[in-house]
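K.L.:
Okay, handing you the structure first.
The values are calculated or read from the model by the stated rules, or taken from the named source; none is laboratory data. Bear in mind the structure is a predicted one, so any value in this text is a computation, not a measurement. Note: ideal-geometry Cβ built from the backbone for every residue, glycine included; neighbour counts use all protein chains shown.
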């Protein structure tokens with residue numbers, strides 16, 4: 001054993017002598033070099049990346065755009081009015097922050113293009129609004145997920161618009177009133193059940209998420225104008241609201257792949273109104 005130690009020591013001394021003769025001495029360093037630094041720069045970058053990925057999963061910023069076609073929505077009005085309805089389109093951009101895949105507060109900004117119709121005695125009245133600024137906000141929450149993958153989601157939202165009335169007719173005769181009022185406020189609560197399904201394709205799978213549920217919605221439609229040809233006559237909806245407060249929703253989200261940043265959707269709403277929405281969402 002001693003011979004082995006002597007041999008190793010002689011080899012080390014020989015290497016040191018050769019190094020001293022033919023070159024500068026290299027720094028050996030101290031004993032703590034084996035323990036410090038404690039973190040690898042490469043591995044630390046991986047940790048930062050993983051942490052950012054986890055943060056993105058915890059907090060997601062999303063944007064979407066929806067086009068909503070309202071084909072027929074009946075309104076509840078005073079007994080001396082009848083046949084009141086509203087129809088048209090909403091074009092809304094939505095920006096939300098999803099927190100821990102559980103809660104998503106959001107805002108909506110866009111424009112509306114709406115029209116109202118009603119009858120007052122023998123008079124048929126139509127008021128067509130110009131494109132107007134619309135805004136709103138809401139809160140969506142994942143209430144519970146069942147073992148079989150079915151999710152129960154709740155949504156509460158509000159939106160409003162106050163466009164200018166560009167076309168007014170009474171029994172087909174045009175009426176001019178620059179001070180005409182056209183304002184719509186809407187509130188809606190929804191409970192939806194959804195489930196994700198995978199559709200395997202040749203190159204990659206796509207995923208669809210059908211959903212259905214019930215809504216409770218109401219509105220305040222305040223439309224009024226003055227007809228110079230019929231002074232003293234009230235031409236107003238007198239703050240009409242939804243004729244039916246409960247509705248039915250049927251929709252589907254389409255995910256091109258699990259790694260995709262885009263989601264496409266189609267939604268149909270019935271009972272309280274007949275409307276169709278087309279939309280797309282993107283994760284930033």
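K.L.:
Taking the stretch 147-204 on its own, how many of its residues are out of contact with any strand residue (DSSP E or B) (no Cβ under 8 Å at 6 or more places or on another chain) and either crowded, with 19+ Cβ neighbours inside 10 Å or under 24 Å from residue 134 (Cβ atoms) (or both)?
P.N.:
Looking only at the stretch 147-204, we keep the residues that are out of contact with any strand residue (DSSP E or B) (no Cβ under 8 Å at 6 or more places or on another chain), and these are 147-149, 173, 178, 200-204.
Next, from what is left, pick out any that are either crowded, with 19+ Cβ neighbours inside 10 Å or under 24 Å from residue 134 (Cβ atoms) (or both): 178.
Number of matching residues: 1.
K.L.:
Looking at the structure I just gave you, is residue 100 modelled with pLDDT under 95, surrounded by fewer than 13 Cβ atoms within 10 Å (Cβ to Cβ) and more than 17 Å from the chain's Cα centre (by Cα)? Walk me through how you get there before you give the answer.
P.N.:
Details: modelled with pLDDT under 95: yes; surrounded by fewer than 13 Cβ atoms within 10 Å (Cβ to Cβ): yes; more than 17 Å from the chain's Cα centre (by Cα): no.
Against the criterion (modelled with pLDDT under 95, surrounded by fewer than 13 Cβ atoms within 10 Å (Cβ to Cβ) and more than 17 Å from the chain's Cα centre (by Cα)), residue 100 does not qualify.
K.L.:
For residues that are outside any strand (DSSP E or B), within 27 Å of residue 62 (Cα to Cα) and touching a residue at least 24 places away in the same chain (Cβ under 8 Å), tally how many sit in the stretch 240-281. Quick ask: steps written out before the conclusion?
P.N.:
Initial filter on the stretch 240-281 (outside any strand (DSSP E or B)): 243-245, 256-261, 271-273.
Next, only the ones that are within 27 Å of residue 62 (Cα to Cα) stay: 256-261.
Next, only the ones that are touching a residue at least 24 places away in the same chain (Cβ under 8 Å) stay: 256-258.
Result for the stretch 240-281: 3.
K.L.:
Could you run through the stretch 219-239 and say how many residues are surrounded by fewer than 18 Cβ atoms within 10 Å (Cβ to Cβ) and in a strand (DSSP E or B)?
P.N.:
Looking only at that region, the number is 2.
K.L.:
From the list 201, 214, 147, which one is farther than 22 Å from residue 233 by Cβ and part of a strand (DSSP E or B)?
P.N.:
Values: 201 fails: part of a strand (DSSP E or B); 147 fails: part of a strand (DSSP E or B).
None of the others qualify; the one that does is 214.
K.L.:
How many of the residues making up the stretch 189-198 are under 16 Å from residue 252 (Cβ atoms) and in a strand (DSSP E or B)?
P.N.:
Of the stretch 189-198, the ones under 16 Å from residue 252 (Cβ atoms) are 190, 192-198.
If we keep only those that are in a strand (DSSP E or B) as well, we get 190, 192-194, 197-198.
Result for the stretch 189-198: 6.
K.L.:
From the set of residues in the stretch 240-255 that are within 20 Å of residue 195 (Cα to Cα) and surrounded by 15 or more Cβ atoms within 10 Å (Cβ to Cβ), which is farthest from the chain's Cα centre (by Cα)?
P.N.:
Only one residue fits best here, namely 249.
K.L.:
Moving to a separate point now. Counting only residues that are under 15 Å from the mean Cα position of the chain (by Cα), over 13 Å from residue 207 (Cβ atoms) and surrounded by fewer than 14 Cβ atoms within 10 Å (Cβ to Cβ), how many does the stretch 256-282 have?
P.N.:
Of the residues in the stretch 256-282, 4 are under 15 Å from the mean Cα position of the chain (by Cα), over 13 Å from residue 207 (Cβ atoms) and surrounded by fewer than 14 Cβ atoms within 10 Å (Cβ to Cβ).
K.L.:
Another question, if that's okay. Give the residues of the stretch 57-113 that are touching a residue at least 60 places away in the same chain (Cβ under 8 Å) and either more than 17 Å from residue 277 (Cβ to Cβ) or out of contact with any strand residue (DSSP E or B) (no Cβ under 9 Å at 6 or more places or on another chain) (or both), sorted by residue number.
P.N.:
60, 61, 74, 75, 76, 77, 78, 81, 84
K.L.:
Out of the stretch 116-135, which residues are over 26 Å from the mean Cα position of the chain (by Cα) and either part of a strand (DSSP E or B) or surrounded by 15 or more Cβ atoms within 10 Å (Cβ to Cβ) (or both)?
P.N.:
Matches in the stretch 116-135: 116, 117, 118, 119, 120, 123, 124, 125, 126, 127, 128, 129.
This table checks each residue for (1) at pLDDT 55 or above; (2) within 30 Å of residue 280 (Cα to Cα); (3) not in a helix (DSSP H, G or I).
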| site | (1), (2), (3) |
| --- | --- |
| 8 | no, no, no |
| 42 | yes, no, no |
| 57 | yes, yes, no |
| 66 | yes, yes, yes |
| 70 | yes, yes, yes |
| 87 | yes, yes, yes |
| 96 | yes, yes, yes |
